[in-house]
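Enquirer: To start, I am sharing the structure in question, which I have written as structure tokens.
The values are calculated or read from the model by the stated rules, or taken from the named source; none is laboratory data. The shown structure was predicted, so the numbers you read here are calculated from the model rather than taken from an experiment. Methodologically, a virtual Cβ is constructed for each residue, glycine included, from the backbone with ideal geometry; neighbour enumeration extends over all protein chains shown. Surface areas here come from the heavy atoms of the whole protein model, side chains and all, with no ligands, DNA or RNA. Shrake-Rupley method; radii C 1.70, N 1.55, O 1.52, S 1.80 Å.
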Amino acid sequence: MYTMFGRQVTEFYESRDSIAHVWGSRTPYAGERRWPVRIDERSLEDAGYWVPSTCPFCSNGCGMDIGVRDGRIVGVRGRATDRANLGRLGPKGLHGWAANNSPDRLTRPLARTAGTLRPASWEEAMSLLVERSRGVRDVHSPLAMAFYVGGQLFLEEYYTLAVIALAGLGTPHLDSNVRLSTAAASAALTESLGSEAQPGSFDDVDTADAILHVGHNVAEQHTVLWMRILDRRRGPRPPKLVVIDPRRTPTAAAADVHLAPWPGSNVPVLNGLLRLIIEAGRIDRAFVEAHTMGFAALEDMVDRWPPERVEEVSGVPASGLRAAAEILGATPTLLSTVSLGVYQSGQATAAAVQVNNLHLVRGLFGRPGCGVLQMGGQPAGANAHETGCAGALPGFRNWANPAHVAELAQLWNVEAAAIPAWGPSTPIMQMLRYIEEGSIRMLWVIGTNPAVSLPDLLRIRRLLGQEGLFLVVEDGFLNETAEHADLVLPAALWAEKTGTFTSSDRTVHISHTAVSPPGEARPDLAILLDYARRMDLRDRDGAPLVKWRDAAGAFEAWRACSRGRPCDYSGLSYARLSGATGIQWPCNARHPQGAPRLYADGVFDTAAGRCESFGHDLVTGAGVSPADYCAHDPGGRALLKPADYQPPLEVPDADYPLWLTTGRVVYQWLTRTKTARSKELNAAAPEPTVQMAEEDAARYHIADGQLVDLHSRRGRAQVRATLGGIQPGTVFMPFHYGSWDRPGRRAANELTLSEWDPVSKQPHLKYAAVRLHAVPRPATVMVRTLARLATRIRDAAGRALLAVRGFAARVRGGAGARAGLPGAARGTGEATR
Amino acid sequence: MHVRAYLALLEERERQLADALEALADVHAGEPDVSAIGRLAAQWSRQHVAALAELGRRCSGDELPQPAPAMPLISLRPRNGRYGLLLDLQSAWLLAQDVHLRWTVLGQTARALRDGELERACGTLGAETDRQVAWLHTRIVEVAPQALIAAPL
């Protein structure tokens, strides 16, 4: 900043070009908490002041300060003292805040009248919402009401929503879009360890001797975590890197060993690795005997998967599998991360559980460098899980444990019967069926965009627009889903409200209000509190059910709810969280500074009275009965659950010969609602592509950059081709692209399947069978158009000739010619079609 | 000895269970999980049928079995909709329970006969029937409230 003619002039400042160099320059290191500071900043003007916050893209939870000038966000910079990033930010963090300032933000409620969305006052909007809610509830029961929420709200908002839905309205139809991203992560941790608490820490990168990424393109999904891994790889004693991914992603390209299984074959590969490790005797027998149950069954199962059979089923060469097993079996410490390549693929929970099993049989748990990170995706996805908006009861409580339900009833001061404890709560894919058949009549969507992110979009659009469904959409923008809405509520975004959210390694951060929301937009919390008040939701003594009036009050209520549970926030406060860095839960009397790692004592959350679930059959999804679980109460031992391979239901065949798999690009986020409104991010990845091997491109006569038509049994999409970096037989499409900024069928989910993992109920978005062909190039199109035009001219001439002849015939009085005329016209009509 | 006759009876029941599960999967194809797991569970029962035929051949010394009663335990007229799904799941559960009990009966007999092979078969195959029962029960419990309270008539 400098002064010219007495006026302050502001300057653009960018510490690095994160579009061209996603991960920036290296700061090599080794050793726990030795990661050097590097401050990334991007400001369009000098900030008048900085407001402490946290990056709202991805679950790394980077500490970030928001630069404000004249009531607007003008820049962001990484916070040097935060444990998640030590100053760094990725490209989405540095650029994505542009969305807040976007001129097309929703600023007023909209209500549909006579088929069109028209501006309405808040009073009108909330009155309509309450009137319709009461109508549906009173006539059709609370089972006709449903809530579907995103992964980017704040903890305080999720918890308030859970109390409203579960205790106030009494509906079990409450789910979050984390069902699409990380439901299997939670399910796998719960099946193995008793609760979905993340055992590991990002600090495990600092000391791990080997790192395993399974279906986790960390370089593009968690850019700052990848910077840390790259810095370790460049420093002394670099960790070995093993990557399992069907594509040669930037993550895979950096690996010492890259295994590329065919879609849907994670279980055979992981079983094969376990077999080699057990066979070589590289297991910690003492740990297995003292702290686990089920080793014999696991050993028996993986014994059926010799490397040659794994190769046959997955396409992973036996030699590659052996090389990976050598690293994973020999390393004294191991950090494993798992993500969508597992969670959205076949046998999601079963496969993710095998990664837990790898750590359990090797005894690599609870020590520095020995983390398992069943990664989250979205910044606040963890909070949706913790608070009860994504399957479990609030505080990782167990639906099937009456004592847990009674705790909540006491906490909320309601009858236990008020809570729909016959649960579990309804996953979104099941809700869609209920909507389809007309038994759910009201759906309230908050901060998510199902019209792009759910599978089989033709069906989704039909459902959202269905007669008899009252659809409420609450968002910052008029997204594709809002186009179907009966009522649209304008929501404040991150930086426009205060609240907390929690990263993939249990680090709780606060994000303070930096600017005001635009127009009449309101924080989700304010809307929910207003709704609870207007619906007159009360506790058993007739007092208001929701007893808080702001975010701080909601946080206090949540502290009480989480007390004593694995996700214990009782030692946290807004004041503590507003310090130098985020703090990991559990934070309580036992862990006043937060616990860096869980289960250091080898005692897991599996005791019958503590566990979050009694578990499931990994193949059928059948629940284990309370009596069965209690009869074999693991009492703190981890469960080694084996899984045999189940082939995907849809596999390539003669009609649809290719695998389609889906995923991310680094510059876009979810359905691009925010990232596409940053000029730089959108310019870096402006449109979707289909990535295919050169061999496949040659077979289908497709050139790089050419438009391609893709078809599945459910729908079609048209996008441009990009060649290389993927195995023949598989094509890849990013899932971000919808139609709000450019019409057309270009979403990957036009093609995907409506089926899901039996345990976590997470949809299988990672595979579908497709066929494709090139859309002819403009030159070809022009030649064809000319040819068609020529045919038409010829046909028209022919018709004219016939007409003249017919006329001549009629003039001559011949009846036969009249009969011939329409027939001739029909013939030419078919020829020109 | 009635062992061979009993094996034939169980074989017939397993066949009925497989048919019922396949019908469930077909009629409720709009429920992807019912369809997928139903088909898998039906496959298990088909394998049980083959295994039982094999076990029956081992008992060739026994008296010829009475023809198994053809009377099905449940009516196989699958019904549409949420309420129909509930009823169909119930029917399949009833049949699976019957099969489950028969594996238990046969297992007891195998122990008394000191027939290790039959006992092992009853253990492993009966365990799969257990899983069928548990799955059907889980799905019934999930669907019941929505089917009986909220589903349109």
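Enquirer: Restricting to segment A:409-431, count the residues that are within 14 Å of chain B (Cβ to nearest Cβ), open to solvent by less than 30 Å² (accessible area, probe 1.4 Å) and farther than 23 Å from residue A:762 by Cβ. Please lay out each step first, then the result.
Expert: Taking segment A:409-431 as the starting set, the residues that turn out to be within 14 Å of chain B (Cβ to nearest Cβ) are A:417, A:419-431.
Now narrow it down to the ones that are open to solvent by less than 30 Å² (accessible area, probe 1.4 Å): A:419-420, A:423, A:425-431.
Applying the additional criterion that residues be farther than 23 Å from residue A:762 by Cβ yields A:419.
Here the count works out to 1.
Enquirer: Does at least one position in segment A:515-527 carry a residue that is under 23 Å from the mean Cα position of the chain (by Cα) and among the basic types (Lys, Arg)? Lay out the reasoning, then the answer.
Expert: Here is the first cut: in segment A:515-527, the ones under 23 Å from the mean Cα position of the chain (by Cα) are A:523-525.
Now drop any that are not among the basic types (Lys, Arg), which leaves none.
No, segment A:515-527 has no match at all.
Enquirer: Sort out which residues of segment A:525-566 are open to solvent by 10 Å² or more (accessible area, probe 1.4 Å) and under 30 Å from residue A:73 (Cα atoms), and write them in order of number.
Expert: A:525, A:526, A:529, A:530, A:548, A:549, A:550, A:551, A:552, A:553, A:556
Enquirer: Look at segment A:306-350 and say how many of its residues are surrounded by 19 or more Cβ atoms within 10 Å (Cβ to Cβ) and touching a Gly at 6+ places or on another chain (Cβ under 7 Å).
Expert: Summing the residues that are surrounded by 19 or more Cβ atoms within 10 Å (Cβ to Cβ) and touching a Gly at 6+ places or on another chain (Cβ under 7 Å) in segment A:306-350 gives 11.
Enquirer: Given the conditions (1) within 14 Å of another protein chain (Cβ to nearest Cβ); (2) closer than 30 Å to residue A:314 by Cα, and given that residue A:652 satisfies all but one, which numbered condition is not satisfied?
Expert: (1)
Enquirer: For the structure I just gave you, tell me whether residue B:149 is β-branched (Val, Ile, Thr), surrounded by fewer than 20 Cβ atoms within 10 Å (Cβ to Cβ) and at the interface with chain A (Cβ under 8 Å from one of its Cβ atoms). Outline the logic, then answer.
Expert: Numbers: β-branched (Val, Ile, Thr): yes; surrounded by fewer than 20 Cβ atoms within 10 Å (Cβ to Cβ): yes; at the interface with chain A (Cβ under 8 Å from one of its Cβ atoms): yes.
The answer is yes for residue B:149.
Enquirer: Select from segment A:573-625 the residues that are assigned to a loop (DSSP other than H, G, I, E, B), of a type outside the set (D, E, K, R), within 14 Å of another protein chain (Cβ to nearest Cβ) and surrounded by 16 or more Cβ atoms within 10 Å (Cβ to Cβ) and list them in ascending order. Give the derivation first.
Expert: Here is the first cut: in segment A:573-625, the residues assigned to a loop (DSSP other than H, G, I, E, B) are A:573, A:578-582, A:585-615, A:617-622, A:624-625.
Among the residues that remain, those that are also of a type outside the set (D, E, K, R) are: A:573, A:578-582, A:585-589, A:591-596, A:598-600, A:602-604, A:606-609, A:611, A:613-615, A:618-622, A:624-625.
From what is left, the residues that are within 14 Å of another protein chain (Cβ to nearest Cβ) are A:613-615, A:618-622, A:624-625.
Passing the criteria: A:613, A:614, A:615, A:618, A:619, A:620, A:621, A:622, A:624.
Enquirer: OK, next. Tell me which residues, restricted to segment A:432-458, are at the interface with another protein chain (Cβ under 10 Å from one of its Cβ atoms) and either hydrophobic (A, V, I, L, M, F, W, C) or not in a loop (DSSP other than H, G, I, E, B) (or both).
Expert: If the condition is that a residue be at the interface with another protein chain (Cβ under 10 Å from one of its Cβ atoms) and either hydrophobic (A, V, I, L, M, F, W, C) or not in a loop (DSSP other than H, G, I, E, B) (or both), then A:433, A:434, A:436, A:437, A:440 are the ones that fit.
Enquirer: Can you tell me which residue within segment B:122-141, out of those that are surrounded by 20 or more Cβ atoms within 10 Å (Cβ to Cβ) and within 11 Å of residue A:621 (Cβ to Cβ), is farthest from the other protein chains (Cβ to nearest Cβ)?
Expert: The residue in question is B:139.
Enquirer: Only one of (1) open to solvent by 10 Å² or more (accessible area, probe 1.4 Å); (2) closer than 19 Å to residue A:328 by Cβ fails for residue A:214. Which number is that?
Expert: That leaves (1) as the condition not met.
Enquirer: Within segment A:308-318, how many residues turn out to be over 11 Å from residue A:270 (Cα atoms), out of contact with any Asp or Glu (no Cβ under 9 Å at 6 or more places or on another chain) and not β-branched (Val, Ile, Thr)?
Expert: 5
Enquirer: Would you point out which residue out of A:165, A:99, A:144 is within 14 Å of chain B (Cβ to nearest Cβ), open to solvent by less than 10 Å² (accessible area, probe 1.4 Å) and either closer than 30 Å to residue A:549 by Cα or hydroxyl-bearing (Ser, Thr, Tyr) (or both)? Reasoning before the result, please.
Expert: Working: A:165 fails: within 14 Å of chain B (Cβ to nearest Cβ); A:99 fails: within 14 Å of chain B (Cβ to nearest Cβ).
Of the residues listed, the single one that is within 14 Å of chain B (Cβ to nearest Cβ), open to solvent by less than 10 Å² (accessible area, probe 1.4 Å) and either closer than 30 Å to residue A:549 by Cα or hydroxyl-bearing (Ser, Thr, Tyr) (or both) is A:144.
Enquirer: Hey, can you tell me all the residues within segment A:361-379 that are of a type in the set (Gly, Ala, Ser) and either modelled with pLDDT of 95 or more or farther than 25 Å from residue A:173 by Cβ (or both)? So that I can check it myself, show each step before the final result.
Expert: Applying the first criterion (of a type in the set (Gly, Ala, Ser)) to segment A:361-379 yields A:363, A:366, A:369, A:371, A:376-377.
A:363, A:366, A:369, A:371, listed by residue number.
Enquirer: Shifting gears a bit: Out of curiosity, is residue A:694 of a type outside the set (A, V, I, L, M), touching a strand residue (DSSP E or B) at 6+ places or on another chain (Cβ under 8 Å), more than 14 Å from every other protein chain (Cβ to nearest Cβ) and over 27 Å from residue A:767 (Cα atoms)? Break it down into steps so the answer makes sense when it comes.
Expert: Working: of a type outside the set (A, V, I, L, M): yes; touching a strand residue (DSSP E or B) at 6+ places or on another chain (Cβ under 8 Å): yes; more than 14 Å from every other protein chain (Cβ to nearest Cβ): yes; over 27 Å from residue A:767 (Cα atoms): no.
Here the answer is no, as residue A:694 does not meet what is asked.
Enquirer: Since residue A:712 meets every condition but one in (1) over 24 Å from the mean Cα position of the chain (by Cα); (2) buried (at least 19 other Cβ atoms within 10 Å of the Cβ), which condition does it not meet?
Expert: (1)
Enquirer: Hey, any hits in segment A:183-204 for a residue that's touching a Gly at 6+ places or on another chain (Cβ under 6 Å), open to solvent by 10 Å² or more (accessible area, probe 1.4 Å) and either free of Cβ contacts under 8 Å to residues at least 40 places away in the same chain or not basic (Lys, Arg) (or both)? Give the steps one after another, and end with the answer.
Expert: Initial filter on segment A:183-204 (touching a Gly at 6+ places or on another chain (Cβ under 6 Å)): A:191, A:200-201, A:204.
Next, only the ones that are open to solvent by 10 Å² or more (accessible area, probe 1.4 Å) stay: none.
Looking through segment A:183-204, none of the residues is touching a Gly at 6+ places or on another chain (Cβ under 6 Å), open to solvent by 10 Å² or more (accessible area, probe 1.4 Å) and either free of Cβ contacts under 8 Å to residues at least 40 places away in the same chain or not basic (Lys, Arg) (or both).
Enquirer: Starting from residues that are within 14 Å of chain B (Cβ to nearest Cβ) and over 31 Å from the mean Cα position of the chain (by Cα), keep the ones in segment A:106-140 and report whichever is surrounded by the most Cβ atoms within 10 Å (Cβ to Cβ). So that I can check it myself, show each step before the final result.
Expert: Restricting attention to segment A:106-140, the residues satisfying the condition of being within 14 Å of chain B (Cβ to nearest Cβ) are A:136-140.
With the extra rule that they be over 31 Å from the mean Cα position of the chain (by Cα), the set shrinks to A:138-140.
On the way: A:138: 9, A:139: 9, A:140: 18.
Only one residue tops the list, namely A:140.
Enquirer: Identify all residues within segment A:678-699 that are part of a loop (DSSP other than H, G, I, E, B), in contact (Cβ under 8 Å) with a residue 40 or more places away in the chain and either acidic (Asp, Glu) or open to solvent by 60 Å² or more (accessible area, probe 1.4 Å) (or both); write none if there are none.
Expert: Of everything in segment A:678-699, just one residue is part of a loop (DSSP other than H, G, I, E, B), in contact (Cβ under 8 Å) with a residue 40 or more places away in the chain and either acidic (Asp, Glu) or open to solvent by 60 Å² or more (accessible area, probe 1.4 Å) (or both), namely A:687.
Enquirer: Turning to a different aspect of this structure: For segment A:55-76, give me the residue count where each residue is closer than 20 Å to residue A:228 by Cβ, touching a helix residue (DSSP H, G or I) at 6+ places or on another chain (Cβ under 9 Å) and not in a loop (DSSP other than H, G, I, E, B).
Expert: Residues that pass the stated criteria total 2.
Enquirer: Let me ask something additional. Quick check: is even one residue across segment B:80-102 among the hydroxyl-bearing types (Ser, Thr, Tyr) and within 18 Å of residue B:6 (Cα to Cα)?
Expert: Narrowing segment B:80-102 to residues among the hydroxyl-bearing types (Ser, Thr, Tyr): B:83, B:91.
Within this subset, residues satisfying the condition of being within 18 Å of residue B:6 (Cα to Cα) are none.
No.
Enquirer: So, one more: Within the group B:116, B:107, which residue is more than 16 Å from residue B:13 (Cα to Cα), out of contact with any Pro (no Cβ under 8 Å at 6 or more places or on another chain) and surrounded by 17 or more Cβ atoms within 10 Å (Cβ to Cβ)?
Expert: On the way: B:116 fails: surrounded by 17 or more Cβ atoms within 10 Å (Cβ to Cβ).
Unique residue meeting the criteria: B:107.
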